[in-house]
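J.: Take a look at this one; I'll ask things after.
The values are calculated or read from the model by the stated rules, or taken from the named source; none is laboratory data. Here the structure is a predicted model, which means the values were calculated and not measured. Glycine also receives a Cβ, built like all others from the backbone with ideal geometry; neighbour counts cover every protein chain displayed. To get the accessible areas, we keep the full protein, side chains included, count just its heavy atoms, and leave off ligands, DNA and RNA. Shrake-Rupley method; radii C 1.70, N 1.55, O 1.52, S 1.80 Å.
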Amino acid sequence: METKEKLIDDLITLSFAEDIGDGDHTTLSTIGPDAMGRQHLLVKEEGILAGVDIARRVFERFDPSLKMTVFIEDGAHVKPGDIAFVVEGPVRSLLQTERLMLNIMQRMSGIATVTAKYQELLAGLPCKVLDTRKTTPGMRILEKEAVRIGGGHNHRIGLFDMILIKDNHVDFAGGIPAAVAKAKAYCKEHGKDLKIEVEVRNEDEIRQAIEAGVDRIMLDNFTPARTADAVAIIRKNAPGVEIESSGGITIDTLRSYGEAGVDFISVGALTHSVKGLDLSFKAC
């Protein structure tokens with residue numbers, strides 16, 4: 001697995017190549033090379049700000065002479081009219097970094113804002129909201145960071161940092177006992193210290209997962225009532241096993257799943273269908 005920093009650097013490199021190509025001909029033809037200016041990031045919608053640190057990396061990567069003065073940090077609650085930061089330097093550089101910075105910050109802030117709403121609905125409960133792998137290709141690290149900034153928690157980053165045996169794995173492997181046994185043998189053989197989670201569809205599979213000795217059980221597409229029954233079984237027979245709810249859970253039903261006693265609720269909507277927060281980068 002590549003480091004987080006390298007993944008972000010690669011994303012920035014690819015994004016500039018995609019956007020600028022062989023040159024921003026509009027800017028190069030209309031703005032002189034010696035022109036200097038300043039722009040500020042204007043908040044136009046209430047929410048949670050995210051991506052300030054990544055914006056700094058965008059500016060520094062493109063032109064180290066750009067000077068960024070930050071007034072509002074990641075994780076802050078913002079409202080229309082707030083100024084998050086000011087950037088000063090060559091106008092050509094300001095114009096060529098504007099869109100990439102905004103694309104990242106609007107996306108991350110939208111995710112952080114939605115995540116905060118979900119986590120707030122679980123106030124007073126020990127349950128945590130998790131993200132999923134339903135992310136924008138290439139932007140997963142940033143989107144999962146936005147979830148964290150919004151008060152949520154990260155599930156596995158990818159296919160490499162946890163074993164999650166889902167229904168298709170179970171069916172192809174010949175059942176839960178066989179799948180878990182194979183996963184444990186694989187970890188031992190390859191020197192991997194990975195948690196093992198199994199997705200279950202009914203009470204029988206819950207008992208199989210408990211007997212197989214997994215670390216976490218995912219209750220897939222259970223109703224809140226079935227979830228409460230499942231939690232009772234797991235807590236009685238395997239009190240140390242973590243419990244996660246997943247599948248079709250909405251902002252309207254989230255609280256009921258938390259009250260059923262699960263430790264985690266994974267929500268794909270945190271990242272796969274989020275509207276960006278309205279921000280703009282204007283001359284000032």
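J.: Give the number of residues within the range 93-117 that are over 21 Å from Arg56 (Cβ atoms) and surrounded by fewer than 22 Cβ atoms within 10 Å (Cβ to Cβ).
T.: Residues in the range 93-117 being over 21 Å from Arg56 (Cβ atoms) and surrounded by fewer than 22 Cβ atoms within 10 Å (Cβ to Cβ): 2 in total.
J.: Would it be correct to say that Arg207 is over 30 Å from Gln106 (Cβ atoms) and of a type outside the set (Ser, Thr, Tyr)?
T.: Taking the combined requirement at face value, the residue satisfies it.
J.: Another question, then. Of the conditions (1) out of contact with any His (no Cβ under 6 Å at 6 or more places or on another chain); (2) open to solvent by 30 Å² or more (accessible area, probe 1.4 Å); (3) more than 24 Å from Asp220 (Cβ to Cβ), Asn154 fails just one. Which one is it?
T.: Asn154 satisfies all of (1) out of contact with any His (no Cβ under 6 Å at 6 or more places or on another chain); (2) open to solvent by 30 Å² or more (accessible area, probe 1.4 Å); (3) more than 24 Å from Asp220 (Cβ to Cβ) except (3).
J.: Then there's this: Check Gly240 against each of (1) more than 22 Å from Ala146 (Cβ to Cβ); (2) touching a helix residue (DSSP H, G or I) at 6+ places or on another chain (Cβ under 7 Å); (3) of a type outside the set (Val, Ile, Thr) and name the one condition it does not meet.
T.: Status for Gly240: all satisfied but (2).
Conditions (1) crowded, with 21+ Cβ neighbours inside 10 Å; (2) out of contact with any His (no Cβ under 8 Å at 6 or more places or on another chain); (3) free of Cβ contacts under 8 Å to residues at least 60 places away in the same chain, marked per residue:
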residue	(1), (2), (3)
Lys134	no, no, no
Ile149	yes, yes, no
Ile176	yes, yes, yes
Lys184	no, yes, yes
Gly191	no, yes, yes
Glu197	yes, yes, yes
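J.: Tell me the residue from Pro90, Pro80, Pro33 that is more than 26 Å from Gly151 (Cα to Cα), at pLDDT 95 or above and surrounded by fewer than 15 Cβ atoms within 10 Å (Cβ to Cβ), please.
T.: Pro33
J.: Right, next: If the Cβ limit is 6 Å and pairs must be 6+ apart or interchain, which residue in the range 55-79 that is under 12 Å from Thr97 (Cβ atoms) pairs with which residue that is of a type in the set (Val, Ile, Thr) and exposed (fewer than 14 other Cβ atoms within 10 Å of the Cβ)?
T.: Pairs found: none.
J.: Could you check, for the range 120-131, whether at least one of its residues is crowded, with 22+ Cβ neighbours inside 10 Å, over 19 Å from Ile12 (Cα atoms) and out of contact with any Ser or Thr (no Cβ under 8 Å at 6 or more places or on another chain)?
T.: Yes, the conditions are met somewhere in the range 120-131.
J.: May I pose another question? Which of the residues that make up the range 1-20 are without any contact (Cβ under 8 Å) to a residue 60 or more places away in the chain and open to solvent by less than 60 Å² (accessible area, probe 1.4 Å)?
T.: Within the range 1-20, Asp9 is the sole residue that qualifies.
The rows are residues; the columns are (1) open to solvent by 20 Å² or more (accessible area, probe 1.4 Å); (2) closer than 21 Å to Lys144 by Cβ; (3) of a type outside the set (Val, Ile, Thr).
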{"position": "Ala232", "(1), (2), (3)": "yes, no, yes"}
{"position": "Ile251", "(1), (2), (3)": "yes, yes, no"}
{"position": "Val262", "(1), (2), (3)": "no, yes, no"}
{"position": "Val267", "(1), (2), (3)": "no, yes, no"}
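J.: Anything in the range 39-85 that is polar (S, T, N, Q) and assigned to a strand (DSSP E or B)? List them, or say none.
T.: Of everything in the range 39-85, those that are polar (S, T, N, Q) and assigned to a strand (DSSP E or B) turn out to be Gln39, Thr69.
J.: Within the range 91-105, can one find any residue that is part of a strand (DSSP E or B) and in contact (Cβ under 8 Å) with a residue 40 or more places away in the chain?
T.: no
J.: Counting only residues that are out of contact with any helix residue (DSSP H, G or I) (no Cβ under 8 Å at 6 or more places or on another chain) and not polar (S, T, N, Q), how many does the range 92-109 have?
T.: Going through the range 92-109 one residue at a time, the tally reaches 3.
J.: Does Asp74 qualify as being within 23 Å of the chain's Cα centre (by Cα), among the charged types (D, E, K, R), under 18 Å from Glu145 (Cβ atoms) and open to solvent by less than 50 Å² (accessible area, probe 1.4 Å)?
T.: Spelling it out, Asp74 is indeed within 23 Å of the chain's Cα centre (by Cα), among the charged types (D, E, K, R), under 18 Å from Glu145 (Cβ atoms) and open to solvent by less than 50 Å² (accessible area, probe 1.4 Å).
J.: Turning to a different aspect of this structure: Return the total of residues in the range 151-171 being free of Cβ contacts under 8 Å to residues at least 60 places away in the same chain and not in a loop (DSSP other than H, G, I, E, B).
T.: Count: 8.
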